[in-house]
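What follows is calculated from the coordinates using simple rules that are stated; it is not laboratory data. Keep in mind the model is a prediction, meaning the values are calculated, not measured. Methodologically, a virtual Cβ is constructed for each residue, glycine included, from the backbone with ideal geometry; neighbour enumeration extends over all protein chains shown.
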Amino acid sequence: MGKWELTMNPVQEWGEEVEDGAVYGVTLRREPVPSSAPCTAFVQYRTCKVRRLKAATLNQLVNHLLDPKNQDQDYGQILLSTYRTFTCTSTLIERLFLRDSAVTDLDNTNCYNRPLLTFVQAWLDDYSEDFRDPPCHAALRLLLDHLTISSAVHSHMRMQPNFCSLAGQAADLLKSFQKEDAESNLSTTQELSQAEYCPADDDSGCENSLDLADVMDFATVAIAEQLTRLDAALFVKVVPYECLGSVWSQRDKENLSPTIRATVAQFNAVTNQVILSLLCPFVDASSSPTCSDRPSSTPAQRARIIEKWIRVAQECRRLKNFSSLKAILSALQSNAVYRLRKSWAAVNRDSMATFENLCETFPDENCVLSKGELLEVSTSSGVVPYLGTYLTVLTMWDTALPDTVEGGLINFEKRRREFEVLSQIQQLQASCSLYNLHQHPQITAWLQGRNLLSDQESYELSRQLEPPVDLSSPTAWSHRSITKKLSFLRSMSEGSKKLPPDQISVSSSGSSGSEMEDLSSPNSIPLQTFSSSCSRESVFSTEVSSHSPSPSSSSSSDTHLDSLCSPPASECGGARPKDGMGSHKRSVSMTSLPVYNRQVADSCIIRISVDSGHNNGNMYKSILLTSQDKTAQVVQRALEKHNLEHMNFADFTLTQVISSERELLIPDKANVFYAMSTTANFDFVLRKYEQDQKKPLSSTQSLGRYTK
């Protein structure tokens, strides 16, 4: 009996039920029944039926929320975290109080339905940003009106919370928002006024004392501490809702994901400062980094700077600041830095060993955690994660799972899975309060004192420092030198040669697959040495700049808004996965997800851009491709992803990008899953053909480049 009792699974998935059109998942739970006899050797059990809502209409979701018999404890939190993917704040408020009025009309007793009060209380406490909509804050005013009316109707209520107390809380929140808006407007006005009376050449008015500061002027610990302070402050302000794949995939719209954009800007600032400190350490912030009269550094000096940043990265890992750690590693692996062979040859052996260890252990430390690991980490010390990991997972969920199911029902099961990741972000945000670090404002001014370099600019600076090596020259870089200094890159090259370019880090990080090869062009595609990266580094390289490469360019992904298409957390492994696609035990039920650049069962993730005839920042969108999808279906879904639903899918051709010179045209009536090349990256492009041009019927020219 005892052994059988231990091996029985107390929870069993039973199936699904449909009630009034809504779909419920049914779980059977085995629970012990308390015995009235004090001394009994038998344990009795009962089976309880627990239902969770999986798919329903918006009205049914609201009804389920206000049902006192609702057994789903996390249902309200899941709804609050994800409702804006299928409705807006004002609509949800109206539905809630409309349903509440109907229930009140049917039951006029003093026993009031408490779920609404509890839900609104949690909404105001934990998700107050939902109501921030300057300058009017219309949704908050609507909620305040409903609460005020309900407080008058139910004036006899004495329990807490009640409508009167919630109305007061909503009124206080509105005043707080209005005060912040006024202060923000005043601050903007003052900044403009100061700019008018602060000429750029007036040293007395504007501080410019740190223009000539260098990374070697600051202590390693001080830099890491200040980076952690900045990253933690930004991560705490991240609105989890903005991380959802359906929101983040529209990040090309200026008004979306502002808190993530701030984190992106900080990530890029750190990466830029690492690259600048190596390529032009003696140039002040007001000078052009490409000026010919700048002092030149020696390989030995650059090696000392590399060693300094490796120590800073090591300190960031000790502080569990994975955001800046990732930024530093990405910068050191960028083309412009990694091609400095003489500099890397002068880096001491201990620093190279530390660098290798950081690259190997970063994916394992920063993957999505299990609940037990998350609780242990978040309560022991502060943690600033690399947010790109979570953005990747959420984008995968959004791509792999539909928003609606049969009958047009909202797929709430998808929202449950997304909430698992969002709840981790919220717990890690709470852990940031555990940091107690010294403040170093001078380092902040130094970090933010220079403009971002484009890929082309950084590469040109790198070429000025170390011109390309003639491979036929006997004075080419010593094979023995690179074997000693960068031996770990050679041992990882087999696993990295097959990696997609979307895993290349910021500014096209990586190194050449050949030890003697020089990256003679900034458009070269280096092989990724960081082969087990849990998520793409280019996640945090999202701002489209005037230096963005053309859509056909395969260089850096640091200047375009690229969709997050790397393997999910379940694909993270050690630094040298045996099969090229390792697994990770700390995934969040991600094993069944399709992945980018690999066909799993009968599905995969592909990326599609639209060639609009001008520089569009190389905007890719991820879509789910199954073995049943024909070309027309894929083109139609891609247009919807790019917000081009108004365009006719029949006017576009679908082409797979094999390399910078070769493309594969997918026939109009082909099954894309079987027609595509599985040896190349799963990157496609839509091209609109001219009205007077006959659309090609086949791609019999194999991998030749299609030209219109």
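Counting Lys and Arg as +1 and Asp and Glu as -1, what is the net charge of the other residues whose Cβ lies under 9 Å from the Cβ of Thr47? Don't skip to the end; give the middle numbers.
On the way: positive: Arg29, Arg30, Arg46, Lys49; negative: Glu31.
Once positives and negatives cancel, what remains is +3.
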Rank by packing, highest mean first: peptides 10-19, 415-424, with packing defined as the count of other Cβ atoms within 10 Å averaged across residues.
415-424, 10-19
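Working out 0.36 nm times the residue gap between Val600 and Gln633, then minus their Cα-Cα distance, what length gain in nm do you get to one decimal?
Working: separation 33, 0.36 × 33 = 11.88 nm, distance 1.99 nm.
Gain on stretching Val600 to Gln633: 9.9 nm.
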Take the alpha carbon atoms of region 125-166, find their radius of gyration, then divide it by 2.2 N^0.38 Å using N residues; give the quotient.
1.31
According to a simple spin-label model (label point 7 Å from Cα along Cα-to-Cβ), what is the distance in nm between Ser35 and Ala152?
6.1 nm
Once you place label points 7 Å from the Cα toward the Cβ at Ser128 and Glu13, how far apart are they in nm?
4.0 nm
How much FRET efficiency would the formula 1/(1 + (r/R0)^6) give for Gln160 and Gln439, where r is the Cβ-Cβ distance and R0 is 41 Å, rounded to 0.05?
0.55
Using a basic spin-label model with each label point 7 Å from the Cα along Cα→Cβ, how many nm lie between Glu406 and Asp214?
7.0 nm
Using 21 Å as the Cα-Cα cut-off, could you pick out the over-long pairs in Lys326/Lys641; Lys308/Lys342; Lys237/Lys641; Lys54/Lys630?
Lys326/Lys641; Lys237/Lys641; Lys54/Lys630
Gain on full stretching of the segment that runs from Phe42 to Gln121 - 0.36 nm per residue minus C-alpha separation
24.0 nm
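Explain nothing, just the number: dipole magnitude of region 394-447 about its Cα centre with +1 on each Lys and Arg Cβ and -1 on each Asp and Glu Cβ, in debye rounded to the nearest 20. Mind showing how you got there, number by number?
Numbers: 4 positive and 6 negative charges, 40 e Å.
Charge dipole of region 394-447: 200 debye, to the nearest 20.
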